[in-house]
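Reviewing the structure listed below.
The values are calculated or read from the model by the stated rules, or taken from the named source; none is laboratory data. Just so you know, these numbers come straight off a predicted model, no measurement behind them. Every residue, glycine as well, gets a Cβ built from its backbone with ideal geometry; the counts of neighbours run over all protein chains shown. Side chains included, ligands, DNA and RNA excluded: accessible areas come from the protein's heavy atoms. Shrake-Rupley method; radii C 1.70, N 1.55, O 1.52, S 1.80 Å.
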Amino acid sequence: MPKPTQDALKTFRTLRRVSQALRLDTRKVSLELGLGKAQLQALSVIHQQPDIGTGELAKAMEVQPSTASNLVKPLIAKGLVEVEHSKLDRRNVQLRSTAQAKALLKQAPRPWSGPVLEALQTMDRSTLESLQHALDQLLHTLEPTRSHMR
């Protein structure tokens, strides 16, 4: 691998700082509510779409079905989500939030919130479009790497 350019290193360091900001926000929510941000997002989707299945939850969250299933298990264990299995095929489930979940969601930050999103909202449209374009290019370049990680 060739030596990274100064521009690439500067951008890499900036992305690491953004990543750290996202992790700190996630850790804060996790400590306050006892849920990770992804679990909070899953709970919010389940609450907004009663009787949603795990597959539909995965699509709504843009994650793999196994990831959605793993996010839901602790929510069930904590009494935040109820599960009803299909009588025809026990693999098919319907998920519903409980009254306890509703109370928790009232005190929780919105799933798509936090300092990074707030900072993005201060940027003008042109800057956001340029940033989105650059990040899309980066993700496109990483796709072969990401597919091996799954």
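For the stretch 47-76, how many residues meet the condition of being open to solvent by 40 Å² or more (accessible area, probe 1.4 Å), under 12 Å from ALA101 (Cβ atoms), assigned to a helix (DSSP H, G or I) and not β-branched (Val, Ile, Thr)? Final tally of qualifying residues: 2.
Do the conditions hold for SER44, that is, is it surrounded by 14 or more Cβ atoms within 10 Å (Cβ to Cβ), in contact with a Pro (Cβ under 8 Å, 6 or more places away or on another chain) and part of a helix (DSSP H, G or I)? Quick ask: steps written out before the conclusion?
Working: surrounded by 14 or more Cβ atoms within 10 Å (Cβ to Cβ): yes; in contact with a Pro (Cβ under 8 Å, 6 or more places away or on another chain): yes; part of a helix (DSSP H, G or I): yes.
For SER44, the condition - surrounded by 14 or more Cβ atoms within 10 Å (Cβ to Cβ), in contact with a Pro (Cβ under 8 Å, 6 or more places away or on another chain) and part of a helix (DSSP H, G or I) - is met.
The test for being touching a Gly at 6+ places or on another chain (Cβ under 9 Å) and either at pLDDT 95 or above or within 24 Å of LEU120 (Cβ to Cβ) (or both) holds for ALA68. When we screen ALA38, ALA8 for residues that are within 27 Å of LEU131 (Cα to Cα), part of a helix (DSSP H, G or I), in contact with a Leu (Cβ under 6 Å, 6 or more places away or on another chain) and of a type outside the set (Phe, Trp, Tyr), the only hit is ALA38. A Cβ distance below 6 Å, combined with a sequence gap of six or more or placement on separate chains, defines the contacts here; from the stretch 1-15, residues that are at positive phi reach no residue that is open to solvent by less than 80 Å² (accessible area, probe 1.4 Å) and in a loop (DSSP other than H, G, I, E, B). Residue count for the stretch 82-117 under the criterion of being within 14 Å of ILE52 (Cβ to Cβ) and surrounded by 14 or more Cβ atoms within 10 Å (Cβ to Cβ): the result is 7.
Of the listed requirements (1) part of a loop (DSSP other than H, G, I, E, B); (2) open to solvent by 70 Å² or more (accessible area, probe 1.4 Å); (3) within 23 Å of LYS106 (Cα to Cα), GLY79 misses just one: (2). Pairs are defined by a Cβ separation below 9 Å, a sequence spacing of at least 6 or placement on different chains, a first member in the stretch 17-37 that is under 23 Å from LYS106 (Cα atoms), and a second member that is of a type in the set (D, E, K, R) and assigned to a loop (DSSP other than H, G, I, E, B); the pairs so defined are GLY34/LYS78; LEU35/LYS78. Scanning the stretch 1-51 for residues being closer than 18 Å to ALA68 by Cβ, of a type in the set (Gly, Ala, Ser) and modelled with pLDDT under 90 gives a total of 2. ARG150 falls short of the stated requirement of being of a type outside the set (A, V, I, L, M), under 22 Å from MET61 (Cα atoms), surrounded by 10 or more Cβ atoms within 10 Å (Cβ to Cβ) and at pLDDT below 70.
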